[in-house]
Amino acid sequence: MQILHYIVARCLHAVPVLIGVTIVVFLSIHLVPGDPIRIMMHGRIADSEVAKIYHDLGMDRPILLQYVVFLKNALAGDLGMSLIQKAPVTTLVVEKLWPTLMLLAFSTALSVLIAVPLSLLAAFRRNSWLDTAIRLGSIIGFAMPSYWIGLLLMLFFGLLLGWLPISGLGDTPLDRLRHLFMPSLTIAFFLAPILLQSLRSAMLDVLTSEHIEVARAKGLSEWRILTKHVLRNAMIPVITVLAVNISWLLSGAVVVEYVFGLPGLGSLLVRSVGYRDYPLIQGLAFVFGVLVIIVNLLADLSYMLIDRRVLRS
Amino acid sequence: MLDKRKLILAALMLSSALGGASIMASAEDVKRGGTLTLARPDEALTFDPFTPSDNGSIYNIMQVCEPLIIADASGTGLEPSLAESWTVSADGLTYDLKLRPGVKFSNGKPLTVEDAIFSMQKVSDPKASFGFAFDAVKSFDKVDDSTLRITLKRPYSALESALSLFAASIVSKADFEKDPAAFGQKPVCTGPFQVESYERGTQVVLVPNPNYWRKGADGKPLPYLDKVVLKYVPESNSRVLGLQNGDFDAVLAVPLNQAAQVKTMDGVTLEVAPSYRLDYVYLNHGKKPFDDKRMRLAINYAANRDAIMKAVYFGYGEQPNSYMPKVNFWSDKVAKIPYDIEKAKALVKEAGYDGTPIQLMVDTGNAPFRTAATVLQQGWQQAGLKVEIVEYDVGTAFSMTQKGEYQAYVSYITSDINDDDELASIQADGTGPTAAFFSNYKNEEVTKLLAQARETGDKAKRAELYGKVQDIVYNDAYSVPLNFLPYVNGYRNTVKNWRNITVGWWWLRDVWLDK
């Protein structure tokens, strides 16, 4: 019951957030010079024709009125028609949503797989050369630009070794995993270091706490301490880091989708901004907003599962 | 006597045997089957030929739909397509086109004059993107079940070229009217291929049109391929890597700084094909300091084109002597303005340059144009000018250009048809709707010459007129032309008959795989 209350409260919170996000995007994209019809036609269209097209589309009305119409339709589930691709925005978004979600899920999984063992090693052997090497390596990985890492991986795995395909999404689920490996690894290069740092300090906190001393005194093996206490308590900062960084993940996905030719929301956003495809940009802003809100909501819900104390507060 | 006859007979037998052998040889040369994977930098937005369109869509549409008259194998000429033949009246105002008999759409329905009239009315609508190309047309009428009549308001020598536009493709009226939106996804046309699947932002898969009318070298209907996959790969490095490791059979737009590397790749050929493209610096004649012809000439004298050709284009292309691309009536007689800093300095002084800073605009992320701008800046500064390079996203930059809020902009232009009229008028006719393509250039003599060239059908006369226009406009320093940039693509040696034609696309119907 408490959980239900919590969820409803959070959903209500989400509404002003969504309105805020969409209004800012709407106003800023309309302030940017350039309009979709002239861009598409490379200027080879008369002003009077352009004016007529925009009038037919209702795009010469006051900005705030256009926004209100957009919001009204969006809440009824209609995100409008893409100006450039001549298809409903919802169709386009749904088509491209799964590749992006798969990419984000795979990247997160890879990052956790990389960060958890390394942070354990670093925490247990703190201040040793191994700890220093791990931390140094993670900072270097974080500092390298994703675009460059992506190309290096392509050259190495795709060209030199020929193990992995260098672009596209693939057909069968297994094929998809092969196609997504390099892009996910590229994102993991900047997500894993963040996770690693938080995990390591969280683990160190736990390892030096009193109840671990008691556990050791009780004769618990290091392995039991690790799984029952350290990992469990360290999950909270991991979830926090992931939830907070979801927006950065989405922007990282934009670069990675472009480099690896993945048909996801990121590359759709880049193209729609370039074309000034207003309805599509709005629709994407709305969807990204919803995505971030859902991820944060799930994060909060999982805290409750891990640590009952959160519910009481 | 007998010997002579025997000789002739022997000669005849030999020649027929050879002739037969050569026909058989070409039929055996061509191999049918296989899938061609082509990586493109542009994505297809729609298959509807009538909506405002981009190259991503146009080049795909041309594999599926056909107009009445079509660009030939090189792109520089025209040949009959769905119109098998046509006659022109003596006054040049009436064209009667005879439809090719027996042509069917991909769904088996026969092509009719009604379909042709419907399509032509759609493309010539003044609101449509290429409506301007049909401005001279009065009406499209049916003469009989196989003849379409085009009546003009005034003579228009570029009509045949206009009819070869992708936008003038003949579509199935019934299928288009039933659901125009679905038509943009799966068009019903008469071309060599039809769309099997269209995943937006990813790829288009084409399969043969079983009813296609053109025959191959072996006497059987085209195309030779079983399947074509047109992939959207915007990242140029990915395209080159994919060519190298065999993911792609052919790739477009090889970045020029990697062209030499592609040349040395095993089993790969680098294609450098002539195009209808000109890279140039747009100048705003309506703003200081380029409202003064001497200033415009000065920056042409101070443009180090040799350095640009080396640093930006790696030697690919040709230094231009024109304000527009090398379309059919290009004149090689117009002398190029040489690189002469002293002359530039003198002109700047003579014009009384008052120190107005010049903003040289470039699209963000366009490294070659950025380099060109840097080289130009160096030369112009040597001539005594204050130049700063500014970068804007391409949509913004173009919008500013259209509004006249610019001084100089490094960009390019391409011709959609193989007739000078389209670009010659758009760029140089100051009375047109785009203010001479945003340059605000006005020259009455040029406007008069262009109108004459548009109305006469005499090729020699047109060549003379366009040559004159080229001379005047180029020497008015309309712009700073940089390069007649060719198409630079790469393809595996197993791909045969591949060719990028001048108007921009490739005829996949003739391509076959030697695998």
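The values are calculated or read from the model by the stated rules, or taken from the named source; none is laboratory data. Predicted model only: the values in this text are computed from it and were never measured. Cβ sites come from the backbone with ideal geometry, for glycine too, and all protein chains shown count toward neighbours.
Observations on the structure shown:
- Checklist (1) buried (at least 19 other Cβ atoms within 10 Å of the Cβ); (2) free of Cβ contacts under 8 Å to residues at least 60 places away in the same chain applied to B:LEU82, failing item: (2)
- Residues that are under 32 Å from the mean Cα position of the chain (by Cα), in a loop (DSSP other than H, G, I, E, B) and modelled with pLDDT of 95 or more do not occur anywhere in region B:364-384.
- Count - residues of region A:250-282 that are crowded, with 22+ Cβ neighbours inside 10 Å, among the hydrophobic types (A, V, I, L, M, F, W, C) and in contact (Cβ under 8 Å) with a residue 60 or more places away in the chain: 9
- Any hit, region B:274-286, residues being in contact with a Lys or Arg (Cβ under 8 Å, 6 or more places away or on another chain), buried (at least 22 other Cβ atoms within 10 Å of the Cβ) and aromatic (Phe, Trp, Tyr): yes
- Every pair of residues 6+ apart whose Cβ atoms lie under 8 Å, when the first sits in region A:29-46 and is at the interface with chain B (Cβ under 7 Å from one of its Cβ atoms) and under 11 Å from A:TYR275 (Cα atoms) while the second is assigned to a loop (DSSP other than H, G, I, E, B) and of a type in the set (A, V, I, L, M): A:ILE37/A:ILE45; A:ILE37/A:LEU83; A:ARG38/A:ILE45; A:MET40/A:ILE84
A quick yes/no check of all residues on (1) at pLDDT below 90; (2) within 21 Å of A:GLY266 (Cβ to Cβ); (3) in contact with a strand residue (DSSP E or B) (Cβ under 7 Å, 6 or more places away or on another chain):
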{"residue": "A:MET154", "(1), (2), (3)": "yes, yes, no"}
{"residue": "A:GLY158", "(1), (2), (3)": "yes, yes, no"}
{"residue": "A:GLY162", "(1), (2), (3)": "yes, no, no"}
{"residue": "A:PRO165", "(1), (2), (3)": "yes, yes, no"}
{"residue": "A:LEU177", "(1), (2), (3)": "yes, yes, no"}
{"residue": "A:PHE181", "(1), (2), (3)": "no, yes, no"}
{"residue": "A:PHE190", "(1), (2), (3)": "yes, yes, no"}
{"residue": "A:LEU199", "(1), (2), (3)": "yes, no, no"}
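Residue-by-condition table, conditions (1) away from chain A (no Cβ under 14 Å); (2) outside any loop (DSSP other than H, G, I, E, B); (3) farther than 17 Å from B:VAL103 by Cβ:
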{"site": "B:GLN185", "(1), (2), (3)": "no, no, yes"}
{"site": "B:THR190", "(1), (2), (3)": "yes, no, no"}
{"site": "B:PRO210", "(1), (2), (3)": "yes, no, no"}
{"site": "B:ASP218", "(1), (2), (3)": "yes, no, yes"}
{"site": "B:LYS231", "(1), (2), (3)": "no, yes, yes"}
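- Unique match (being within 14 Å of chain A (Cβ to nearest Cβ) and surrounded by fewer than 19 Cβ atoms within 10 Å (Cβ to Cβ)) among B:GLU235, B:GLU177, B:GLU199: B:GLU199
- Looking across region A:168-178, the residues that are more than 20 Å from the chain's Cα centre (by Cα) and not charged (D, E, K, R) come down to A:GLY170, A:THR172, A:PRO173, A:LEU174.
- Filter pass, B:LYS333 being without any contact (Cβ under 8 Å) to a residue 12 or more places away in the chain, within 30 Å of B:ILE501 (Cα to Cα) and either crowded, with 21+ Cβ neighbours inside 10 Å or among the basic types (Lys, Arg) (or both): no
So that you can scan it fast, the table gives a plain yes or no per residue for (1) at positive phi; (2) out of contact with any strand residue (DSSP E or B) (no Cβ under 8 Å at 6 or more places or on another chain); (3) in a strand (DSSP E or B):
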{"residue": "B:GLY246", "(1), (2), (3)": "yes, no, no"}
{"residue": "B:ALA253", "(1), (2), (3)": "yes, no, no"}
{"residue": "B:GLN261", "(1), (2), (3)": "no, yes, no"}
{"residue": "B:MET265", "(1), (2), (3)": "no, no, no"}
{"residue": "B:ILE299", "(1), (2), (3)": "no, no, no"}
{"residue": "B:GLY317", "(1), (2), (3)": "yes, no, no"}
{"residue": "B:TYR323", "(1), (2), (3)": "no, no, no"}
{"residue": "B:ALA344", "(1), (2), (3)": "no, yes, no"}
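- Matching residues, region A:206-227, being surrounded by 15 or more Cβ atoms within 10 Å (Cβ to Cβ), in a helix (DSSP H, G or I) and not small (Gly, Ala, Ser): A:VAL206, A:LEU207, A:ILE212, A:ILE225, A:LEU226
- Scanning region A:231-245 for residues that are of a type in the set (Val, Ile, Thr) and touching a residue at least 60 places away in the same chain (Cβ under 8 Å), we see that the one that is farthest from A:LEU191 (Cα to Cα) is A:ILE236.
- B:SER157 vs. criteria in a helix (DSSP H, G or I), closer than 27 Å to B:SER275 by Cβ, away from chain A (no Cβ under 14 Å) and touching a residue at least 60 places away in the same chain (Cβ under 8 Å): no
- Failed item, numbered, when B:LYS104 is tested on (1) in contact with a Pro (Cβ under 7 Å, 6 or more places away or on another chain); (2) farther than 14 Å from B:LYS173 by Cα: (2)
- Each residue in region B:397-427 was checked for being under 30 Å from B:ALA259 (Cα atoms) and either assigned to a helix (DSSP H, G or I) or within 14 Å of another protein chain (Cβ to nearest Cβ) (or both), and 11 of them qualify.
- Only one of the numbered conditions (1) under 24 Å from B:ALA451 (Cα atoms); (2) touching a residue at least 40 places away in the same chain (Cβ under 8 Å); (3) outside any loop (DSSP other than H, G, I, E, B); (4) not small (Gly, Ala, Ser) is violated by B:THR76, and that is (3).
- For B:THR434, the criteria (1) farther than 28 Å from B:LEU163 by Cβ; (2) polar (S, T, N, Q); (3) at the interface with chain A (Cβ under 8 Å from one of its Cβ atoms) hold in every case but one, which is (1).
- In region B:175-194, the residues that are of a type in the set (Gly, Ala, Ser) and within 26 Å of the chain's Cα centre (by Cα): B:GLY184, B:GLY191
- Within region A:37-44, the presence of a residue that is modelled with pLDDT of 85 or more and either closer than 19 Å to A:PHE288 by Cβ or surrounded by 15 or more Cβ atoms within 10 Å (Cβ to Cβ) (or both) is excluded.
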